[in-house]
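Worksheet for the structure shown next.
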Amino acid sequence: MTDKTKHFTCRRAAVFSDLHSNYHAFRACYEDAKSHGSDLFIFLGDYISDLADPVKTLDLVYEIQKQYPVVFLRGNRERYMLECDAGITAFTRGSKSGSLLYTFERLRPQDLNFFRDLPIYDRIEINGVSFELAHAFKTDDRCYFEGGDERIAGIFSQMEAPYLLTGHSHRQYVQKQQCKTIINPGSVGVPVGVRGLAQYVLLDIHDQRADYLLRSVPFDLASVVHAQFDSGLTEYAKYWAISILYDVITGEERTMKLLETVSRIGDVQDEGNWRKAAMAMDMKFTAKELIEII
């Protein structure tokens, strides 16, 4: 059987996940990684959606690809775009799927082609150490688990390599069990549990082990807020797009709480229900008000 494992040699690797079209956070993390000597870049998926700059974000991805060795995975958000392009699903204006529609309408053929070629799972070797890579887990791009989660025992049992790099939960953590380690770099674009900082992980691989440095990086929050309004994204998906800004600024999962509140009120396709839920959660609705909470 042919060994399909990709082999890399590097001084230091940077692991990015869940960019979510947050160009300003991505640029800050990239510059930070370069300043720390990174010469291999690993991307765990969800490059796009939710925030205002899918094209600028992908262009920076392509720029990095030209300059460094890279490893790419596909996330569930890229799958959504491919399913829409294939006519399997459709997005509409409004807070339920308007953010996805905004992203899809701005993607270029080269972006969709890029997504098509990406796996949701891969195996690589860096400096002689084996890693499994997954957006979520090897057979499911939406398998959700966090550090300390009871489900994580099952993930450890299925690991074939000593290290698993995984994203999707937007929570940065390292979990160890015997000789296995799960590393989640958190989210570059919409991190959970940290206020106003982008997150990723640096890896130093030597002596048959991987040492890790969890990074939290400041970025231009005000520019992210202004871009969300100036781009027209808030016109496509008002309450979702504004709630995502709360997540970026505060590190709280306000958007999921908003969706749960809408679901309790009634039809999630009804924009009036989104407004009721947003009002019940005392959300602010202007860029000026959101910048004041930074």
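Quick notes
- Tyr212 vs. criteria part of a strand (DSSP E or B), open to solvent by less than 30 Å² (accessible area, probe 1.4 Å), modelled with pLDDT of 95 or more and among the aromatic types (Phe, Trp, Tyr): no
- The number of residues in the range 168-189 being touching a His at 6+ places or on another chain (Cβ under 6 Å) and either open to solvent by less than 20 Å² (accessible area, probe 1.4 Å) or without any contact (Cβ under 8 Å) to a residue 12 or more places away in the chain (or both) comes to 2.
- Gln110 being surrounded by 21 or more Cβ atoms within 10 Å (Cβ to Cβ) and of a type in the set (S, T, N, Q): no
- Residues of the range 247-282 satisfying the condition of being open to solvent by less than 10 Å² (accessible area, probe 1.4 Å) and on the phi < 0 side of the Ramachandran plot: Val248, Ile249, Thr255, Leu258, Val262, Trp274, Ala277, Ala278
- The set of residues in the range 129-156 being touching a residue at least 60 places away in the same chain (Cβ under 8 Å) and open to solvent by less than 30 Å² (accessible area, probe 1.4 Å) consists of Val129, Phe131, Leu133, Ala134, His135, Ala136, Asp141.
- Filter pass, Lys56 being assigned to a helix (DSSP H, G or I), within 27 Å of Arg195 (Cβ to Cβ), basic (Lys, Arg) and in contact (Cβ under 8 Å) with a residue 12 or more places away in the chain: yes
- Taken over the range 9-32, the criterion of being of a type in the set (Phe, Trp, Tyr) and either assigned to a helix (DSSP H, G or I) or under 20 Å from Val225 (Cα atoms) (or both) is satisfied by Tyr23, Phe26, Tyr30.
- Long-range neighbours under 6 Å by Cβ, at least six apart or interchain, first residue farther than 11 Å from Thr57 by Cβ within the range 10-37, second among the polar types (S, T, N, Q): Arg12/Ser38; Ala14/Ser38; Asp18/Ser187
- Ala280 being touching a Phe, Trp or Tyr at 6+ places or on another chain (Cβ under 8 Å) and under 19 Å from Lys96 (Cα atoms): no
The values are calculated or read from the model by the stated rules, or taken from the named source; none is laboratory data. Fair warning: this is a prediction, and the values are worked out from it, not measured in the lab. Every residue, glycine as well, gets a Cβ built from its backbone with ideal geometry; the counts of neighbours run over all protein chains shown. Keep in mind that these areas ignore ligands, DNA and RNA; they rest on the heavy atoms of the full protein, side chains included. Shrake-Rupley method; radii C 1.70, N 1.55, O 1.52, S 1.80 Å.
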